[in-house]
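Only the coordinates and a few stated rules stand behind these numbers; no lab work does. Everything numeric here is computed off the predicted structure, so don't read it as measured data. Positions of Cβ are generated from backbone atoms using ideal geometry, with glycine treated the same way; all protein chains shown enter the neighbour counts.
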Amino acid sequence: MTIAKGKKSARLTIVSAIVLLLAACGSQAEPPTRGGGAQPQASGASHAGGTGGAQQPQTDAGASSEAGGTQSAGQEAKDTGATIYLYGNDFVDFIAPKFMEATGFKMEAVHYGGGEALAKIEAEQGNPQWDVLKMDGHGSVRNLADRDFLLTGWKPDNLAKLSEQGKGYVPADLSYFPIGIHAAALIAYNTDKVPADKAPRTWEQFFAYDGPVGHADPAVAAPAYPLVSAFFERWGEPMAQKLYTQRFKDGLRVYPKNGPVGKALLSGEIHVAALQEHNAYELKLAGEPVEVVWPEEGAPGSLRVVAISKQAKNPAAAKAFVEFMLKPETQQMLTALDSTDSFFTPLAEGVSARSEREPNGTFLLPTAEWAAEHEADIKTWFADQNIQ
Amino acid sequence: MKASEARWGGGVSLLLFVFIFLPLLAVLLNVILPGLFFGQVQYGGFGLVGEIFHRPLWRQSFINSLTLAAGAATLGTVIAGILAAVRARWDFAAAKLLDLAAWVLLIAPSFMMAQGWMLFASKDGLVSEWLGWTWVSSFVFQPAGLVFVMALSKFPLAYLAILAATEWNVRQYGHAARMNGAGPFTVWRTVELPLARPSYAAGWTLVFMDTIGDFGLPAALATVYKFPTLTYSIYSAIYQSPVRFDMAGVLAFYLVLVLAAAMGLLVLSLRRSRFDFLNAKAVRTVKNRPRHAWLYNAAVGGFLLICLGIPLGTSAVVSLLSKTGAGLTRDNLTLDHYRALLAGSASDHRLLDYAEGMLHSLSVAAFAAVFSMLIGFVSAYVLSFTESRFKSAIQLFSIVSLAVPGVVLGIGYIFIWNQQWLEPIGLHLYGTPSLLVIAGIAGAIPYAVRVQLGAFGNVSGTMLKAAAMQGAGTLGRMRDIVLPLVRQSLLLATLASFGTSIFDLALASMLKPANYSLMPLVIDRAFEFSQYGYATAASVVSCAVVVLLIVVLQLVGRGLFLYMDRIRIKGGRQ
Amino acid sequence: MSALLKLRGIAKSFGAQQVLRPISLEVGEGERICILGPSGCGKSTLLQIVAGLLPPDGGEIELAGISVEGRGRHVPPEKRPVNMVFQDYALWPHMTARQNIEYGMKRRRTPRGQMEERLRRLAALLKLEGLLDRLPAQLSGGQQQRVGIARALATEPKLLLMDEPLSNLDVKLRTDMRGELARLLGELSIATLYVTHDRMEAFAIADRILVLRGGGIDQLGRPEELFERPASPWVAQLMGYHNRLNVAFDERTRSVAVVAGQRVSGQRMSPGEGAGEAAAGVMLLHPDDLAVCASDDLTADGVNRLRVTVTQAIYEGTQWRLIVRLRDGQTLHLFHGGRVEPGSELAVYAPPERAMLYDAVPAF
C-alpha cells in the first residue's frame, strides 16, 4: 500500500505546511505574548449606550498585582525587557526615538487618531496590545480609568515638576498624568470671505454667524470632543442642543479631522471654523488668508495626558516613559519644535510656550468626571444630528 | 477511494467553514448574545435588532444604502441593457473598447474610482477649478448624483450578464418577428427583451449586491460629503468612539439579511425562466455594420470617456500636479509625488510608507491567491468527481462568501480570532498578517471554485476512473490527470484572485495589524488627509505594478507549461 | 396571370465564395415553386434575400408590382407582403400558440373581431383546436410546425416562403404532413417559394421545380419535365437517376453511346453544336427503369442490352436490389423480383427514352 502511504504523507505535509505558515506569520508581527492563563479578563462588556460610568470592574486586587507592575508607590518595577507599544496621536514618531535614546528601553510607537485609539483599545480589551497611551481628551481617558483599563495608584517622581496649573489637573487615583493643554478650538476665519468687523469674537457669535461654519467630528478627532463638551458644560445640555440644532440648520459642516477643516476654510467652503490651535496657527503663519481669534471667555481646552495600561508588558519601561514626558526638558524640546505641533501650553514648571500663541489665553475645561460621564451621550447625539 | 475522498472533502469543508461560515455565524450570534466574544455571555434578546430604527444614524445608514443600491442597480441595468443590445447587434470600432472598459471597471477597486470622482467633482476639484462648472459638484454630491456615479462604475456586472444572454440568441426568433411585421425596435421590445428578462433580473441583482456591500465609495466620500451607509457605519461603529461592537454586529446582520433577500430574488428569477431555448440553433449573433457607424462610435466613446475617463484620467492628472487648483500649466507639472512614493516617508504620519505597504499587500495577496487556488482546486475536484457527502456544504460555503461583504467578514474575524484561548495553541491570529491572508482567501474562494468548476467540466469523469483502476490515489489523480488539463485556467484564476484581493480596502481597514502598512490603506489615508498628489500617484503606480505582474506571470506560466510539456515528452516520465 | 414575384439578376457572395450567381426568376400568382437541392447550394440564402433578411449584392426584386430591392431601394422585411415558415419553427417560447399566431395581426393593428375570426379559421384549418393556449414547449413537433404555418398565414401574405418546413419531423410524420401541406396549399392558392432537399416533397407540392447548383439555375420546370428530361446530370441525380456510367459517343450518331464495348442509344441532353464534338460523356439511368432480360433474349440484336455480372443481391422486402458489374468494371443498381446468385451473368435492358446522355462534365 505504498500509494496509500504516499498519499497520506503528502496530505499531512500540506496541512502541516499551512499550519506552520500561519503560526510563523502569526509570530512575526505579534508582540511577544504574555504568559498567565490566570489573567483577569478586563471588563468585557462592550459599551452599551448610557453613561460611561464604571461598568463591571471584575478584577480582584490579587490578580492584578500578578499581572505585572506593583501598586504601592516607590517599589521598583520590573523590567521585563519587552518592547512597549505607545498609542498616540501627536509627536509619537518624534518622541519614541528620543525616549529610547534617553533611557535605553525599547518602544514602538503607533500613530492613532483619538477616536481610533479608543476604538483599538476597546477592541483589544480581551487581549490588549498597547502599553502606554498619550492622547488629547481627559474625559475619554477618565472613562478608561473608570472601566479599569489603566494602571492606578503610582506616583511618578517628576510629578513634583508640574506647574500649579498642571498639578490641578492630576486625578486622585493617579490613573493618568497631564503633560500639556492646548486650545481644542479657536475661532479662525477666512479674511477673504469675512471682513474683520463681521468676524465672530465669542462663541455665541460663532454660533450666530450668518454663513457656513465648520469644525471637526467628535467621533473621529480627539480634540473635537473637548470642543463640543466644553459648550455642553458651559451652557447646559438643553441650551447647547438647541444652539447646535439651530447651527446645523444654519449651516454647520463637520469634517472627520482638523486637517480637512483647515482646507475647507481656505477653499471658502466655510467662512469661519472652530479650528484646533496648531492647525489654525499653521495656516496663519504660512501666509494664508486666515486670522485667528482667541475668544475672551476662553477656548475649549484639550488636555493631553499619558496613561499606562493595566496590563503593560514592561512596567518599568512604561513608568520611565511617563517620567520622561513629565520632565521639563522633554516638554521644552516639544515646544521648541519647528512645526506647529509645538503650539501648546506645557504643564511642567518653567517651560516656555511658543511666542506666537496668545500668552494669556484662558481655557474652558470641564472636569474629567463630567466629560467622562457625558461622553457617549454627547457623541451619539452629535452623530445623529449630523446626518440631517 | 471513497474513504480518502471523504477525507479530502471533509478537510476542505472544514477549512471553508472556519474561513467563511464561522465569521458569519459569529456576526449573527452576536446579535442575540452580545459580548459573547468578549467573554461575556448574556442573552440580549432581540431588542438590539430593533434598535437600528431608534437611532437616526443607523436608520439613515440603512435607508441610504438601500436607495443607493437600488438606484444604482436600476440605472446600471438600464445602461447595461442599452449597451448590450447595441453591442450584440452591431459591429463598430468602439465595440471592442467597450468590452475592455467593462473588464477594467470590474477589476478596478471601487475606492480608486470613487477617489477619482471626488477629485473631479468636489468643490475644489478639477472641473470647478478648471472649467468653472460648479453645477457638477452640486449634482454629484447628493443622493441622485451618487447613484449616477455608482451606476457608472458597477454597470459592467449587468452588462456582461445581459450581453451573454443576448449574444447567444436564436436568430430565427428575430427573423420570424420581422416577417410578421415587427420593426427592429419592436422585435427587441416584444421578443428579445422578454427572453432576456432573466438576465436583466440577474444583472440588477448583481449590481444591487455589489453596491450595497461596497465600502470604497463611502470611504472616499467620507471626507467630502456626509452620506452614512451601512458599510461605513459598520466600520465607524468599530473605529470611532464610542465603540459599539454589538451595533456593528447588528448592522452587519441587516446587511446580510438584505443580501440574502437579493440572492433569493436572483435564484428565483433564474429558476422561473422556463424558456430553456438555447438550443443547438443558438449562434453568436452575426454583427453587421450599422448604417451610421460613426454615431455609435461617438456615443459609446463619449460614454466611456465619462465612466472611465473621468475617474482614471483625473487620478492620473492629479498625480502629476503640484497644486490641484493651479491648472494644467507646464510649471504646475511635477514628478514630486512619485518621488515621494519611492523615497519612503519616515516622519510624516499622514503619509504611510508606500513601498512597505505595497510589499505587504503583494505578499498577503500572493499567499491568499495561492491558498485559495489550492482550496478551490480541491473543492472543485470534490464537487465534480466525487460523491462525497460534503458536496452541498462546500457549495453553500463557497457561495456564501460572495454575498458577504468584506466589512462583515472583518467583524466576524475580529470576534473569532481575538480569543484569549487561542493564544496557547498559537492560533491567536488577530493583529497578525495571517488573518489578512485568511480573509483574502475567504474573499477569493467563490471565484476560485467557480472558475475551476468550469474548467473541470471539460474533464471527463471516466478518465479519472481509468486512473483509479491503474492504482492512482486521490492526490495522484488530482495531480497527474486533472491538474495538467486545467492548469491554464488555474493560472488565470489565481491571477484574478490575486488582482482583486490586493486592492481590498475593507478587509485591510478592519484587520490591519498595528504599524503594518498596506497599499489600499496608504492611498485611503493620504486621501483622507487631502494629500491628493500622493494618493493618486500611489494609485497609478499600484495599478501599473499589478497589471504588469499579472501579465508577466501569465507569460511565465505559459512558458513554464510549454517547458514542462517538452520535458515530459522527452524524458518519458509518465 | 401576372408575375407576383420577379427576381432579376440576384447575386450574393459571402467573402470569396459566390453563393448565388445572378439569378432571375418569376413566380406567378398562386404558383408554387419548389427550390430543390442539397444543403449549401444557396437555396436558403435565396429565400432570405426574397424575405429581405439578407441584402443581395446586386439585382432587383419586385413584389406585386412594387420594387422592394435594387437600384438603391431596400424595403425592410416587416414591410414586405411576405411571411415565412422556418425549419425549426422559431416559435417564440415565451408566448402561447395563440399569441404567436396573433403577433403579426397585432402589428398590423387588425381589429379584434377580425383577428378572432381569422384565428378560428386557421385553427380549424390546421387542426389546432384546444392547443392554442399551450406554450411551444408543451407542443409536439408536428403541432409546433402547424402553429408555425398558421402564424405565417395569419398575416395573409401575398407570397409564402417555406424553408424546409418538414425536415425536422420524423419520417412517418413527414410523409403524412407532405400530403396535408400539398392539400392545404392547393386550397389556399397562395404563391409559395418552398425550399427542400426531398424530391418527393417537391413532387407533391410544386407547380414548378427550380434546381440550384453552385449558385446557378440548372433547370426550372414542371415536375414531369424534370423527371423525364433532366437538363443536367445534376438534375438527373436529384431525380433519382442514381446509375452513372462513363461512356464514349459514337462519332456519327449523337444519340448513341458506347459503354463496355456495347452500344446503347439514349436521349442526348446536352445542346451540342453538332455531331463530332465531345467524344466522351456520361449516361444516367434510373434503377427502376432497368430490367433483367429473359435468358433467351441474350442473343437478340443487343441494342440497349448490357452484359453484366452480378456482384451482390440485397433483400429489400418487396424486391431484390441487384448490384451488377459491367465488363469495364462500372457498376449498376437495378431491381428484380427474385434473387440472383452473385457471379451469374445477365443481360440488362435500358430503355432508350430513359437513358440520359450528357457531355462529360467535371465531377461534382
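Comparing Cα centroids, region A:80-125 and region B:170-248 end up 44 angstrom apart. The modelled label-to-label distance for the pair C:LYS158/A:ASP192, using points 7 Å beyond Cα in the direction of Cβ, is 7.6 nm. Length gained on full extension, B:LEU295 to B:ALA164, computed as 0.36 nm times the residue gap minus the Cα-Cα distance: 44.7 nm.
Sorting the segments C:4-10, A:285-291, C:234-240 by their mean number of nearby beta carbons within 10 angstrom, highest to lowest, gives C:234-240, C:4-10, A:285-291. The overall shape of region B:53-334 is oblate: from the C-alpha gyration tensor, with semi-axes ordered a ≥ b ≥ c, the ratio a/c is 1.5 or greater and a/b is no larger than b/c.
Rounded to the nearest 0.05, what FRET efficiency is calculated for B:ALA343 and B:THR67 with R0 set to 45 Å and r the Cβ-Cβ distance? Show your work: numbers first, answer last.
On the way: r = 44 Å, r/R0 = 0.97.
Efficiency computed from Cβ-Cβ geometry: 0.55.
For B:LYS465, the lysines whose Cα falls under 29 Å of its own Cα, not counting residues fewer than eight places away in the same chain, are A:LYS5, A:LYS7, A:LYS8, B:LYS2, B:LYS391, B:LYS570. Listed by chain and number, the aspartates and glutamates whose C-alpha is less than 14 Å from the C-alpha of B:LYS123, apart from same-chain residues fewer than 8 away, are A:GLU269.
Any chance you could run the full-extension gain for C:PHE14 through C:LEU188? It's 0.36 nm times the residue separation minus the Cα-Cα distance, nm to one decimal. Working shown, then result.
Values: separation 174, 0.36 × 174 = 62.64 nm, distance 3.60 nm.
Computed gain between C:PHE14 and C:LEU188 is 59.0 nm.
Calculate the all-directions average of the projected area of region C:242-359's alpha-carbon convex hull, and give it in nm². Present the calculation step by step, with values, prior to reporting the outcome.
Values: hull surface 28.2 nm².
Average of the hull's projected areas for region C:242-359 equals 7.0 nm².
A simple packing score, the average count of other Cβ atoms within 10 Å per residue, orders the peptides C:46-54, A:130-138 as A:130-138, C:46-54, with the highest score first.
Per residue of peptide C:89-99, the mean number of Cβ atoms on other chains within 10 Å of the residue Cβ is 5. Which of rounded, prolate or oblate describes the protein assembly as shown when judged by the alpha-carbon gyration tensor and an a/c cut-off of 1.5? Since a/c reaches 1.5 and a/b is larger than b/c, the shape of the protein assembly as shown is classed as prolate.
Counting Cβ atoms of other protein chains within 10 Å of each residue's Cβ and taking the mean over peptide B:53-60 gives 4.
Candidate cross-link partners of A:LYS167 among the lysines, defined by an alpha-carbon separation under 22 Å and a same-chain spacing of 8 or more, comprise A:LYS134, A:LYS155, A:LYS319, A:LYS327. Model label sites at C:LYS172 and A:ALA336, defined 7 Å from Cα along the beta-carbon direction, differ in position by 11.0 nm. Which whole-number percent is the relative contact order of chain B (Cα, under 8 Å, 6+ apart)? Normalised by residue count, the contact order of chain B is 22 percent. At a Förster distance of 35 Å, what's the computed FRET efficiency of B:ASP91 paired with C:LYS79, Cβ-Cβ distance as r, to 0.05? The computed FRET efficiency comes out at 0.90. As a length-normalised measure over Cα pairs under 8 Å and 6 or more apart, the relative contact order of region C:242-359 settles at 34 percent.
Phi angles across region C:110-115 convert, under the Karplus curve 6.51 cos²θ - 1.76 cosθ + 1.60 with θ = phi - 60°, into 3J(HN,Hα) values of 5, x, 3, x, 5, 4 Hz, Gly and Pro given as x. Legend: mean number of C-beta atoms from other chains within 10 angstrom of residue C-beta atoms, peptide C:69-81, equals 2. Note on the protein assembly as shown: with charges restricted to the Cβ of Lys and Arg (+1) and Asp and Glu (-1), its dipole about the Cα centre is near 4540 debye.
Within chain B, helices built from complete DSSP H runs that reach 18 Å or longer along their own axis (Cα positions) and carry a mean Kyte-Doolittle hydropathy of -1.0 or higher are B:2-16, B:56-89, B:94-107, B:143-167, B:193-212, B:245-272, B:354-385, B:391-403, B:433-456, B:483-501, B:532-571. If R0 is 45 Å, the Cβ-Cβ spacing of C:ALA360 and B:MET463 corresponds to a FRET efficiency of close to 0.25. Taking every alpha-carbon pair in region B:1-155 and binning the separations at 10 Å intervals from zero gives 9, 19, 23, 23, 18, 7, 1, 0 percent. Modelled this way, with points 7 Å down the Cα-to-C-beta line, the labels at C:ASP328 and B:LYS123 are 10.3 nm from one another. Distance between the C-alpha centres of region B:409-467 and region A:308-383: 45 Å, rounded to the whole angstrom. Rounded, prolate or oblate, given the Cα gyration tensor of chain B, with a/c below 1.5 counting as rounded? It comes out rounded by the Cα gyration axes.
The amide H of A:LEU364, built 1.01 Å from its N in the peptide plane, has A:ALA299, A:GLY301 as neighbours under 5 Å, considering only residues 5 or more places off or on other chains. Write down the percent of antiparallel bridges among all DSSP beta bridges whose residues are both part of region C:242-359, to the nearest 5. Restricted to region C:242-359, the bridges split so that about 95 percent are antiparallel.
Of the peptides B:62-72, B:509-519, the order by per-residue mean of other Cβ atoms within 10 Å, starting with the highest, comes out as B:509-519, B:62-72.
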